[in-house]
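The values are calculated or read from the model by the stated rules, or taken from the named source; none is laboratory data. In this text, all values refer to a predicted model and were calculated from it rather than measured experimentally. Quick reminder, even Gly has a Cβ in these numbers, built from the backbone with ideal geometry, and neighbours come from all protein chains shown. Side chains included, ligands, DNA and RNA excluded: accessible areas come from the protein's heavy atoms. Shrake-Rupley method; radii C 1.70, N 1.55, O 1.52, S 1.80 Å.
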Amino acid sequence: MMPLTVWDVVVVGLGPAGVSASIQLKREGFSVVAVEAEKIGGALNDASVIENLPVCGGAVQATEIVKKLETSIEAHRVGVVQDKIYKIQKKKEFFLVKGHQMVLRTKCVVIASGLVPKKYPDLAGGKNIFYRARDVGDVSGLTLAIIGGGDAAFDGALRFAESAEKVYVIVRERPKAIPQLVKRARENKKIQIFENTRIGKVSHKRRVEIQFDSGLTIRGDKLLVCVGKERDLTLIPPDLKRKLEGKKLIPQELCRGMYAAGDFLNPEARYISTAMGSGIQAALLATGYIRGE
Ligand SMILES: Cc1cc2nc3c(=O)[nH]c(=O)nc-3n(C[C@H](O)[C@H](O)[C@H](O)COP(=O)(O)OP(=O)(O)OC[C@H]3O[C@@H](n4cnc5c(N)ncnc54)[C@H](O)[C@@H]3O)c2cc1C
């Protein structure tokens, strides 16, 4: 019988953190498999313009950065598997990484699975309710309502205002997005910002209807909800999961041989550069572990 392959490292997620970790590990000469459930680039697939990456020399479309990440993965010959990992089990000498299509054995795991959108109470995603900009689709000539006051809400408002007829941004208190984005949104005639609002009820049938406690009701064709993000710990082994639950700060070494990177590690510092830096750092820790240093 053929012995089963034990990989040096499995990287879960191919956003900026997972891509950086995978490349660094390949350069160290390890056998690496990167597993991506959806699309290389991760959360960047929801972003429009990126202005804070100095190596880009100015503002660039997020799609351009996604292309560069794809090219880098190819150039470094990182093996990519399209699958969603649902469980990681720690065995005596290796980890079992279980996806819906395959099971991988590996000495080491890097978890770079990012964050998942927080749900608005009693509001499941559906026909015209979305939690990620990439899922909203075409809004030409439509009215889009956005709930949220952070960067994702304002980035979405500016992006969709290019084609939508009207964009409403509904903010519970004051906008928390970076001032540049808020200023641009305020100057955009298609965008109307409602601040210090309390939403009473959201109903959605053919159209979306949002009733404020003040009595005002606004209607739209689609609703994008951007009320924050959180870690999805379902794939983490149960004993470890119990230790991490409810914590903002977690150690990068989750246990010997398992390392966290990117937004999953730093949910309070959700930036491409921090994701990439912690991806490299996770790769260095994995390298030391595999080499017994
Ligand atoms: C609208 C928006 C605008 C932004 N603008 C900026 C900006 O201007 N500047 C900036 O620096 N940052 C910006 N960001 C943040 C930046 O995109 C993130 O910080 C960065 O993408 C995080 O990288 P990551 O690799 O940690 O996670 P992600 O990019 O979230 O990647 C995680 C990947 O893991 C995959 N995955 C998850 N679970 C599994 C699983 N179980 N199995 C397999 N794969 C899995 C996901 O499909 C995803 O592709 C923005 C984000 C958004 C949403």
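Side notes on the structure shown:
- Nearest-10 value in Å² for the accessible area of Glu162, using the 1.4 Å probe: 150 Å²
- Selected from Gly18, Gly99, Gly246 as most flexible by GNM, with the chain as the system and alpha-carbon contacts under 10 Å: Gly246
- With a threshold of 31 Å on the Cα-Cα distance, the over-threshold entries among Lys67/Lys247; Lys166/Lys229; Lys84/Lys201; Lys67/Lys243; Lys189/Lys222; Lys176/Lys222 are Lys67/Lys247; Lys84/Lys201; Lys67/Lys243.
- Of the three principal axes defined by the Cα atoms of region 1-90, the extents in descending order read 55, 27, 20 Å.
- With Cα atoms, 0 to 90° folded angle of helix 16-27 axis to the chain main axis: 20 degrees
- Ordered by solvent-accessible area of protein heavy atoms (1.4 Å probe), largest first, the residues His76, His100 come out as His100, His76.
- Of Arg77, Arg186, the order by accessible heavy-atom surface (1.4 Å probe, DNA, RNA and ligands excluded), from most exposed downward, is Arg77, Arg186.
- Each Lys or Arg adds one and each Asp or Glu subtracts one; over the other residues with Cβ under 10 Å from the Cβ of Val227, this totals +4.
- Note on Arg186 and Val116: the model spin-label points, each 7 Å out from Cα along the C-beta direction, lie 3.7 nm apart.
- Most mobile of Thr106, Thr71, Thr143 in a GNM of the chain (Cα contacts under 10 Å): Thr71
- Fluctuation leader among Val139, Val97, Val55 - the chain, Gaussian network, Cα springs under 10 angstrom: Val55
- The solvent-accessible area of Phe95, taken with every protein chain present and a 1.4 Å probe, is close to 0 Å².
- Against the chain, whose longest principal axis is taken from its Cα atoms, helix 272-290 shows a tilt of about 20°.
- Taking the longest Cα principal axis of the chain as reference, the axis of helix 151-161 is set at about 60 degrees.
- Alpha-carbon radius of gyration plus Dmax, which is the widest Cα pair, for the chain in Å: 20.8, 71
- Bridge type composition, region 1-134 - antiparallel percent by DSSP, nearest 5: 45 percent
- At the residue level, Ile280 shows approximately 60 square angstrom of accessible surface with a 1.4 angstrom probe and all protein chains present.
- Per residue solvent-accessible surface (Å²) - the chain, probe of 1.4 Å: 52 Å²
- Values of log10 I(q)/I(0) for region 105-214 across q = 0.21 Å⁻¹ run -1.25, by the Debye formula with one identical scatterer at each alpha carbon and no solvent.
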